[in-house]
Amino acid sequence: MLGLIASSIIFWQVAESNAREQLHSQIAVLRAQALAVRRYTSEEIKPLLAEQSGVQFLPQTIPSFSAQTAFANFRDRFPNFAYKEAALNPTNPSDKATPWEEKLIKQLRGDTGLKEIVEVRSTPQGERYTVAFPLQIKSEGCLACHSTPDKAPKSMISLYGDKNGFGWKMNEIIGAQIFSVPLSVTRDQIWDNLVVLIGSMSAIFLVLMVLLNVLLSRLVITPVTQMSKIAEAVSMGDNSQSEYTLESADEIGSLSKSFNRMRRSLDNAMKMLES
Ligand code: HEC
């Protein structure tokens with residue numbers, strides 16, 4: 001039982017840390033995908049729709065909009081994953097950082113060397129594995145729409161207003177790409193594996209125990225009980241007991257032979273005393 005408990009604990013810890021590493025690499029792939037959609041939008045879509053954008057503002061040409069919309073479509077198949085481009089002062093109010101997201105962004109702003117923050121967050125729906133990556137303004141192009149309202153396209157102002165999403169500066173970390181996934185999914189999987197492990201180990205232990213008991217009884221307990229019975233009878237002066245010899249090369253076999261030799265020597269000694 002102790003062995004089972006110990007191996008279950010070790011298994012759980014190893015499996016949980018493996019599961020987290022796996023989630024981490026899945027999130028890294030999703031992030032690369034989100035960045036690829038962003039780049040595709042700004043390099044391929046935006047130039048193509050530059051003319052129409054002058055007449056009517058098209059959010060579809062905005063990298064952040066396309067990355068988050070593409071991810072929303074991805075969630076149709078994988079609803080467990082969540083993605084948000086959260087900002088302290090966002091253009092679209094739905095991107096406004098919630099208090100816990102704000103804490104992560106401030107942490108990233110405080111230490112610009114930080115490439116990511118990993119956190120296991122408790123929510124009413126259970127624990128979520130969360131990774132935040134900094135969103136930094138790295139090109140002057142971004143400031144066309146995010147520095148001051150007078151520089152931004154009029155069509156954009158009329159759609160989003162002139163209050164939010166401005167005042168961003170070059171190299172500033174203005175928000176974070178935040179991915180999360182519930183730990184319960186992997187925990188359920190680990191639990192299933194643990195049940196199989198405990199089941200098979202219990203079965204093996206049980207078979208071993210039965211086998212050991214049978215062998216112990218045959219090879220040790222029965223012969224020793226037999227010899228002890230004879231010894232007791234002989235010590236009481238009863239010489240009618242026949243000799244017991246176990247034909248085996250192990251310790252119990254050699255004990256039975258020595259025992260018989262001792263009994264014969266004792267008989268001889270007694271006879272010599274009597275004569
Ligand atoms: C043509 C104007 C324009 C340009 C250029 C632009 N953005 Fe935006 N950005 C927007 C608009 C409009 C939104 C809101 C989109 C939405 O509705 O989701 C936005 C949203 C964002 C968001 C999500 C948070 C928020 O404000 O809602 C981030 C992050 C962001 N932009 C970063 C950048 C970066 C980085 C660049 C430069 C690579 C850039 N933007 C270039 C107009 C622009």
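The values are calculated or read from the model by the stated rules, or taken from the named source; none is laboratory data. Quick caveat, the model's predicted, so the values are computed rather than measured. No Cβ is skipped: glycine too gets one built from the backbone with ideal geometry, and neighbour counts run over all protein chains shown. For the accessible areas, the whole protein counts, side chains as well, though only heavy atoms, and no ligand, DNA or RNA atoms are used. Shrake-Rupley method; radii C 1.70, N 1.55, O 1.52, S 1.80 Å.
Of all the residues in region 41-64, those that are in contact (Cβ under 8 Å) with a residue 12 or more places away in the chain, within 13 Å of the ligand (Cβ to nearest atom) and not in a loop (DSSP other than H, G, I, E, B) number 11. Checked against (1) within 21 Å of the chain's Cα centre (by Cα); (2) modelled with pLDDT of 95 or more; (3) assigned to a helix (DSSP H, G or I), ALA72 meets all criteria but (1). Among the residues that make up region 83-104, is at least one of them more than 26 Å from GLY167 (Cα to Cα), under 28 Å from the mean Cα position of the chain (by Cα) and open to solvent by 30 Å² or more (accessible area, probe 1.4 Å)? No, because not a single residue in region 83-104 is more than 26 Å from GLY167 (Cα to Cα), under 28 Å from the mean Cα position of the chain (by Cα) and open to solvent by 30 Å² or more (accessible area, probe 1.4 Å). Considering region 112-121, and only residues there that are open to solvent by less than 70 Å² (accessible area, probe 1.4 Å) and over 25 Å from SER184 (Cα atoms), the residue that is nearest to the ligand (Cβ to nearest atom) turns out to be LEU114. Report yes if LEU194 is in a helix (DSSP H, G or I), hydrophobic (A, V, I, L, M, F, W, C), in contact (Cβ under 8 Å) with a residue 12 or more places away in the chain and surrounded by 12 or more Cβ atoms within 10 Å (Cβ to Cβ), otherwise no. When the stated conditions are applied, LEU194 passes them. Which members of region 131-158 meet the condition of being more than 7 Å from the ligand (Cβ to nearest atom) and part of a helix (DSSP H, G or I)? Once the filter is applied, which keeps residues that are more than 7 Å from the ligand (Cβ to nearest atom) and part of a helix (DSSP H, G or I), region 131-158 yields GLU140, LEU143, PRO149, ASP150, LYS151, LYS154, SER155, ILE157, SER158. Exactly one residue out of SER184, SER217 is of a type in the set (Gly, Ala, Ser), assigned by TED's automatic domain parsing to the domain that holds GLY54 and assigned to a helix (DSSP H, G or I), and it is SER184. Residues in region 65-82 that are open to solvent by 20 Å² or more (accessible area, probe 1.4 Å) and of a type in the set (A, V, I, L, M, F, W, C) were compared, and the one that is nearest to the ligand (Cβ to nearest atom) is PHE65.
Could you tell me whether any residue of region 200-221 is among the charged types (D, E, K, R) and surrounded by 12 or more Cβ atoms within 10 Å (Cβ to Cβ)? The answer is no; no qualifying residue exists.
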